[in-house]
Amino acid sequence: MIALEYTQAHIFGGLAGAFSVLSVMVFAPRIQTSRLAFVAIGAGLTVWAAVTRPDWTEATLTALERGAMIVALFTALSAIRNAAMGSAGILACGRFLARQPPGLRYTALTIGGHLFGLILLYGSISLLGSLAAESTAKEADAELRRHRIRRMMVAIQRGFASTLCWSPLGFSMAITITIVPGASWSSVAIPCVISAVLMMATGWALDAIFKPRLATPPPPRLPETGRWLVQLRPLLVLLAVIISGVLALHLLTGVEVIGAVMSLVPAAAILWIAIQPRPRGTGRMSWTADRVMLFVTRDVPHYRGEIVLLFMAGFIGSLGSFLLLPLVQAQGLDFGALPPLLIIVSIIWIVPLTGQLGMNPILAVSLLVPLLPSPETMGIPPAALVAAITGGWALAGTTSPFTASVLIAATLGRVTPREAGIGWNGVYILVMGAILSLWVVALAMLL
C-alpha cells in the first residue's frame, strides 16, 4: 500500500488486496462467528457483482484496495501502539492525568484521551481507563466510586472520539477524504479541528452541569505534583515528531497524508523501540529485531478479529455502494434533488444511528457516502461534507455499543455496552449533534 501511495501504480493495490484476502483466509477459522458473517456477505456481494455487472472486475479490485488500505493503516498504528505500551514515560503521563483532583480530572482526562487517542486509537481508552480504574479501586464509598469511574470513562471516551473529527492518523479521516471528491486533509483540517474543540468543550460543560450531588461530599484531594508540560513531555514530543514528520513527507513528496502515515509511523515505532531501555547484556540491534519479530508473529495474529472486520467493512462498503447505486437510480431516488444542507445535516445523525443497529462506521460511511452527489454538484465546499461525516463518526464512537471504544469503556466501568454508550452519552449526542449540525451549515454557507 505504501508503494501504491507513492507511485499510483495499481499493480501494488492488487498485490495488497491479494495479501489481504490471504490474511482473511488464514485468520477466518479462528475468529468469532459474528465476524465470519461479514466474510460471507463479502463473498455474496462478489458473486452478485460478477453475475449482474460487466464491469465488476474493476469495482472488486477497487474494493480490495479500499480494504487493504484500512488494514495497512491499522497495522501501522498498531506498531506505534506496541512501542508506546512499552514506554515507561507514556505510562507515567497516563498516571499523572488519572490522578488529578476532581476539579481538574475531567479536563485532564479529556485532553489526555485526545492526545493519547491520536497515537493509540482506542488503545487510549484501554490505557487511561485502566489507570482510572486503578485510581478508584481503593475508594471505600461505593456510590462515590461508581460516579467517579463513570465520569472518568466518559471524559476519556469523549476525548478519544474528538480525534475522529480531524486526526490524519485515524480511519475516519483516511476513509472520508478517499471517498469525498475534492477533499484533502490539508484543506479540511482547520474546520475539523474546530469540530473536535466543540466536542471537548461541550463534554466539559455537560459534565459541569450534570455533576452528581453526593450525600457525603468526598474529602479534598491534593493535585498530582509536577508541571503539566514536564509530565506530558514524552507524549507531546512523540506527537510533534509524528505529525510534523507526516506533514513534511506530504509537502516534500506530494504523497497523500495517509501514505505519509503508513510509511512514517512504522519507522518511528522501530526507532522508538530501539532507544527504549532493554535487558542488561542485550544488544540494541538484536533487542529491536526481537521486538519487531514478536509484533509480526504474535501481536498481528492477536488482532486477527479486528483485521478481518476492518478489511470486510471497507470491502463491503465499497462494493456494496457500487451495486446499490443503479438500484437506487432505478427506484427513481435522486439525492441530488434534496437540499444540500439537509444532506450534510442528515449525515451527522445517520452515522451514529446506524451504529446503534450494529453497523461499523467504516461500513456505513463507505456504503452511503458514494450514493450522494459530489460537493461540487451540491454547490458546497468539500470541507462541509467531510466535517459532517467525521462528526457523525465521532458521535458513533461515543454511543454505539458495537464499537471497540464503547466496549472497552463498558468493561472497565463494569456496565453493559448499551449503558456505556447511550446511557452515559445520550444527552451528549443530542446536544453535540445539534451543535455540529449548526457548524456544518455555517461551513457550507461561509466557505
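Return, for the Cα atoms of the range 1-133, the radius of gyration and Dmax in Å, separated by a comma.
Reported Rg and Dmax, both Å: 20.4, 64.
As a test of reading the structure, rank ASP55, ASP207 by solvent-accessible area (1.4 Å probe, protein chains only), most first.
Numbers: ASP55 70, ASP207 25 Å².
My answer, sorted largest first, is ASP55, ASP207.
Please identify every one of the trypsin sites (Lys or Arg not before Pro) in the range 228-307 that sits in a loop by DSSP and has no more than 16 other beta carbons within 10 Å of its own beta carbon. Let's see the in-between values first.
Numbers: sites: ARG280, ARG284, ARG291, ARG298, ARG304; in loops: ARG280.
When the trypsin sites (Lys or Arg not before Pro) of the range 228-307 are filtered for loop state and at most 16 Cβ neighbours within 10 Å, ARG280 remain.
Return a whole-number percent for the relative contact order of the chain, with Cα pairs under 8 Å and 6 or more residues apart as the contact set. Numbers along the way, then the final one.
Values: 599 pairs, mean separation 101.7, N = 447.
So the answer I get is 23 percent.
Can you sort PHE171, PHE12 by solvent-accessible area, 1.4 Å probe, largest first? If you can, show how the numbers build up before the last one.
Numbers: PHE171 30, PHE12 75 Å².
Result of the area sort, largest leading: PHE12, PHE171.
Step by step: find N for the range 1-55, compute 2.2 N^0.38 Å, then divide the Cα radius of gyration by it. What's the final number? If you can, show how the numbers build up before the last one.
On the way: Rg = 14.2 Å, N = 55, 2.2 N^0.38 = 10.1 Å.
So the range 1-55 has a normalised radius of gyration of 1.40.
Return the Cα extents of the range 340-441 along principal axes one, two and three, sorted largest first, each rounded to a whole Å.
That works out to 48, 25, 17 Å along the principal axes.
Accessible area per residue for the chain in Å², computed with a 1.4 Å probe and the full protein assembly in place, what is it? Intermediate results must be reported in sequence, preceding the final value.
Details: 19840 Å² over 447 residues.
Solvent-accessible surface per residue comes out at 44 Å².
How charged is the neighbourhood of ILE111? Take every other residue with its Cβ under 12 Å from the Cβ of ILE111, and add Lys/Arg as +1 and Asp/Glu as -1. Please report the intermediate quantities before stating the final value.
Values: positive: ARG105, ARG158; negative: none.
Cβ neighbours under 12 Å give a net charge of +2.
State the Kirkwood hydrodynamic radius of the chain in Å, one decimal place, computed from all pairs of distinct Cα atoms.
22.8
Given a 1.4 Å probe and every protein chain left where it sits, what share in percent of the accessible area of the chain is carbon and sulfur?
On the way: 13640 of 19840 Å².
Carbon-and-sulfur percentage of accessible area, whole number: 69.
Got a number for the accessible area of MET445? Probe 1.4 Å, square angstrom, nearest 10.
Roughly 130 Å² of MET445 is accessible to a 1.4 Å probe.
At 1.4 Å probe size, put ARG227, ARG53 in order of accessible surface, largest to smallest. Please report the intermediate quantities before stating the final value.
On the way: ARG227 190, ARG53 60 Å².
Greatest to least solvent exposure: ARG227, ARG53.
In the full protein assembly as shown, how much of VAL351 is accessible to a 1.4 Å probe, in Å² to the nearest 10?
10
Once R0 is set to 51 Å, what does the formula 1/(1 + (r/R0)^6) return for the Cβ-Cβ distance between VAL26 and ASP141, expressed as a FRET efficiency to the nearest 0.05?
Working: r = 50 Å, r/R0 = 0.98.
Taking R0 as 51 Å, the efficiency between VAL26 and ASP141 is 0.55.
Along the charge dipole of the range 124-186, pointing to its positive end and built from +1/-1 on Cβ of Lys, Arg, Asp and Glu, which listed residue (THR176, GLY159, ALA133) has its Cα farthest out?
ALA133
How big is Rg to Rh over the range 256-390, alpha-carbon atoms, Rh as the Kirkwood inverse-mean-distance radius?
Using Cα coordinates only, the ratio equals 1.17.
Considering only the other residues whose Cβ falls under 15 Å of the Cβ of GLU65, what net charge follows from Lys and Arg at +1 and Asp and Glu at -1? List each step's numbers first, then the result.
On the way: positive: ARG66; negative: GLU5, GLU58, GLU256.
Surrounding charge for GLU65 is -2.
Please identify the helices of the chain, taking whole runs of DSSP H, that span at least 30 Å along their own axis as judged from the Cα atoms and have a mean Kyte-Doolittle score of -0.5 or higher.
Values: long enough: 56-85 (43 Å, 0.83); 142-163 (32 Å, -0.46); 185-209 (35 Å, 1.54); 304-330 (39 Å, 1.54); 424-446 (34 Å, 1.99).
Span-like helices in the chain: 56-85, 142-163, 185-209, 304-330, 424-446.
What residue among ILE408, ILE435, ILE258 has the largest mean-square fluctuation in a Gaussian network model of the chain, using Cα springs under 10 Å?
Of ILE408, ILE435, ILE258, the most mobile in the Gaussian network model is ILE435.
So which trypsin sites (Lys or Arg not before Pro) in the range 124-175 are both in a DSSP loop and have at most 12 other Cβ atoms within 10 Å of their Cβ?
Details: sites: LYS138, ARG145, ARG146, ARG148, ARG150, ARG151, ARG158; in loops: LYS138.
Sparse-neighbourhood loop trypsin sites (Lys or Arg not before Pro): LYS138.
Determine the sum of side-chain charges near GLY89: Lys and Arg each +1, Asp and Glu each -1, restricted to other residues whose C-beta is under 13 angstrom from that of GLY89.
Numbers: positive: ARG95, ARG233; negative: none.
That sum, taken over residues with Cβ under 13 Å, equals +2.
Give me the one-decimal nm value for the distance between modelled label points at ALA289 and TRP204, 7 Å along each residue's Cα-to-Cβ direction.
4.9
The values are calculated or read from the model by the stated rules, or taken from the named source; none is laboratory data. Everything quoted here is computed from the prediction, not taken from an experiment. As a convention, Cβ positions derive from the backbone with ideal geometry for all residues, glycine included, and neighbour counts pool all protein chains shown. Surface accessibility is based on the protein's heavy atoms, side chains included, excluding ligands, DNA and RNA. Shrake-Rupley method; radii C 1.70, N 1.55, O 1.52, S 1.80 Å.
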